[in-house]
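All remarks here apply to the structure that follows.
The values are calculated or read from the model by the stated rules, or taken from the named source; none is laboratory data. Quick caveat, the model's predicted, so the values are computed rather than measured. FYI the Cβ positions are ideal-geometry reconstructions off the backbone, even for glycines, and counts take in every protein chain you see.
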Amino acid sequence: METQASGDASDGFVSESSDDDDRWVTPPSRERNFSPWASTMLELATFSPAESVPTVAASVPGWRARTRGRLTDLFGQFPRTVSLNPEITDTVDCGSYTRERIVFDVEATMSVPAYLLVPKTRRRQGPAVIAIHGHGPGKDHVAGVVAGTDVPQATPDAYAHQLVEAGYVVLAPDMRGFGERADWVPDGKYFCDANLVAAAAAGRNPLTANIHDLVGAMNLLEEHPLVDPSRIGVVGFSYGATLALFLAAWDTRLRTAVVSGYFSSWHSAHRVPHNLCGSQVLFGMLGVLEHVDLAALVAPRALLIESGDEDPLFPVGDAREALVELESVYHAMRAPSGALEHHVFAGDHRFDGSTMLRFLERWL
């Protein structure tokens, strides 16, 4: 009897045929996986960094240049820049400051609505901050805006309101898919993920588009008569912290950044199901770029990282490990003492901000 094998050993079975019968001959039982998410986790376990953070100071400049090159490749093509054409559409008296609704263009087919908060005491050029909201209602949340009233609510996470009360000019934009830029999606569908599908089909990345919008926000602040272009910072929480870290790594005009409730590692964050959204990822970033790499591109500029000691999404243990590597980069870059700060507070995934104003006062 002649036996013919079809396929190869990696198929997991051998087909054996004869004149008498056809039957499967299976190898010993082995564990199989049917979950796409688990498959990604198994692959993630095999990833190693494209380049480790160097321990020798002389190697840092070349490593940072290569790291920026990898970030550039991951961003891909940015949208085409257009004239901002800013327009103030509404002004509200908020007591110690005015809140202007301003709209500016970032693409031929895309505009950004934002709040521009200006202290009434500001008479000449001074520091300014971009306040980036997290997941939720957008710029209204960080500005303390509640429908039906002009009086801002000083909630713990209304950091745009806190910043303008402290004397900063603040620009709080709606990012794509949030606030006034939210598209309708059916129940059970999350906009960030639906947007990723639409953008990927067009060969674009939502995170790249959001960074493009924030570069436009930087340009807008630089042109404001009450803003010193050399004294602009950024503050963000969670999703907003994702964008704050990427923006600070990318746009070297930023003097300082506050990254709250995000910095740890993608290696750990990706292990939490449903943690990251479609606007927080770049195609092929795993194993190519890590949080610590982005933060190293911020050095030697001032960077404040906030971590909750019980944050289940972005573990503080990973943040502490990354800080050890990051400190060596700041040292190699001869950063001023205190330029890198890690504030760990008691709590889970929330904005703290208890050291934010002190930090910004020193560096802005």
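Some values worked out for this structure:
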{"item": "Enumeration of residues in the range 335-364 that are more than 30 Å from VAL60 (Cα to Cα) and part of a helix (DSSP H, G or I)", "result": "LEU357"}
{"item": "Where a residue in the range 178-201 is over 22 Å from LEU243 (Cα atoms) and its partner, wherever it lies, is surrounded by 15 or more Cβ atoms within 10 Å (Cβ to Cβ), with Cβ under 7 Å and at least six apart", "result": "VAL185/PHE191; VAL185/ALA194"}
{"item": "Pick from the range 151-190, criterion aromatic (Phe, Trp, Tyr) and over 21 Å from the mean Cα position of the chain (by Cα), ranking: surrounded by the most Cβ atoms within 10 Å (Cβ to Cβ)", "result": "TYR168"}
{"item": "Restricting the range 126-150 to residues that are in a loop (DSSP other than H, G, I, E, B) and touching a residue at least 24 places away in the same chain (Cβ under 8 Å), the residue that is surrounded by the fewest Cβ atoms within 10 Å (Cβ to Cβ)", "result": "ASP150"}
{"item": "Tally, over the range 73-87, of residues that are surrounded by 11 or more Cβ atoms within 10 Å (Cβ to Cβ) and either out of contact with any Phe, Trp or Tyr (no Cβ under 8 Å at 6 or more places or on another chain) or of a type in the set (A, V, I, L, M, F, W, C) (or both)", "result": "8"}
{"item": "Residue within the range 308-317 that is crowded, with 21+ Cβ neighbours inside 10 Å, more than 15 Å from the chain's Cα centre (by Cα), within 29 Å of ALA38 (Cα to Cα) and of a type outside the set (A, V, I, L, M, F, W, C) present", "result": "yes"}
{"item": "Unique match (being at pLDDT 90 or above, under 25 Å from GLU43 (Cβ atoms) and of a type outside the set (Phe, Trp, Tyr)) among LEU304, LEU297, LEU276, LEU289", "result": "LEU289"}
{"item": "Meets criteria (at pLDDT 70 or above and either in contact with a Gly (Cβ under 9 Å, 6 or more places away or on another chain) or in a loop (DSSP other than H, G, I, E, B) (or both)) for GLU2", "result": "no"}
